[in-house]
Amino acid sequence: MLEIGTPAPDFTLPDQNGAPHTLSDYRGRRVILYFYPKDNTSGCTKQACGFAQLYPQFMEKGAVVLGVSKDSVASHKRFEQSHGLPFTLLSDEDRAVIQAYDVWKEKKNYGKVTMGVVRTTYLIDESGVIVRALGNVKAADNPAQMLEALG
């Protein structure tokens with residue numbers, strides 16, 4: 001996980017519609033950048049739907065919500081449509097951004113060790129600096145935690 005107080009690594013990734021998004025384009029706004037393992041799985045759906053439910057409050061506070069996983073643009077589009085997600089999902093199929101943000105880790109599942117995305121959320125301030133970093137977050141609790149972090 002990246003340290004609080006460090007500049008957030010800049011990147012450009014395609015969204016669920018194939019349009020490119022560059023992190024530095026969001027300067028002047030606070031960004032909630034959350035990394036999740038896989039579209040349409042129970043935990044990831046709970047987390048995404050939680051962000052969707054609180055989305056008007058994030059907007060009121062001037063924050064942008066960006067979800068990132070290694071799923072394809074087409075997978076993100078299906079995920080967005082099936083759950084009515086109002087925010088941007090970014091596709092990082094080659095895992096460059098996932099690795100830059102240090103969220104690709106060894107995971108244990110039923111005794112089996114695999115590599116995967118550890119559910120992690122960063123709050124990036126208006127100048128592009130990480131001001132909050134939460135690792136191994138609980139999917140259902142994370143959206144409310146981040147809303148509270150915005151103050």
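Here are some notes:
- Using the Cβ-Cβ distance between Arg29 and Thr114 with R0 set to 41 Å, the FRET efficiency works out to roughly 0.70.
- Highest average packing first - 44-57, 13-26, Cβ atoms within 10 Å: 44-57, 13-26
- Positive contributions from Lys and Arg (+1) and negative ones from Asp and Glu (-1), summed over other residues with Cβ under 10 Å from the Cβ of Ala133, come out at -1.
- Residues whose amide H lies under 5 Å from that of Arg30, counting only those 5 or more places away or on a different chain, are Val64; hydrogens are built 1.01 Å from N in the peptide plane.
- Of Lys61/Lys105; Lys61/Lys107; Lys70/Lys138; Lys107/Lys138; Lys77/Lys108, pairs whose Cα-Cα distance is over 24 Å: Lys61/Lys105; Lys61/Lys107; Lys77/Lys108
- For Met59 and Gln81, the difference between the fully extended length at 0.36 nm per residue and the C-alpha to C-alpha distance is 5.9 nm.
- Gained length - Glu3 relative to Lys105, 0.36 nm times residue gap less alpha-carbon distance: 35.1 nm
- Counting every other Cβ atom within 10 Å of each residue's Cβ, Glu80, Glu126 order from fewest to most as Glu126, Glu80.
- Percentage relative contact order, the chain, counting C-alpha pairs under 8 Å, at least six apart: 34
- For region 19-36, backbone phi angles converted through the Karplus equation (6.51, -1.76, 1.60; θ = phi - 60°) give residue-by-residue couplings of 7, x, 10, 10, 4, 5, 5, 8, 4, x, 10, 7, 10, 9, 10, 10, 9, 9 Hz, Gly and Pro being listed as x.
- Residue-count net charge about Val64 - beta-carbon cut-off 14 Å; Lys, Arg +1, Asp, Glu -1: -1
- The alpha carbon gyration tensor of region 52-138 gives principal lengths a ≥ b ≥ c with a/c of 1.5 or higher and a/b no greater than b/c, which makes the shape oblate.
Here, each number is a calculation from the coordinates, and none is a lab measurement. Predicted model, so just to flag it, every value in this text is computed and none were measured. Cβ coordinates were reconstructed from backbone atoms using ideal geometry, including for glycine residues, and neighbour counts include every protein chain displayed.
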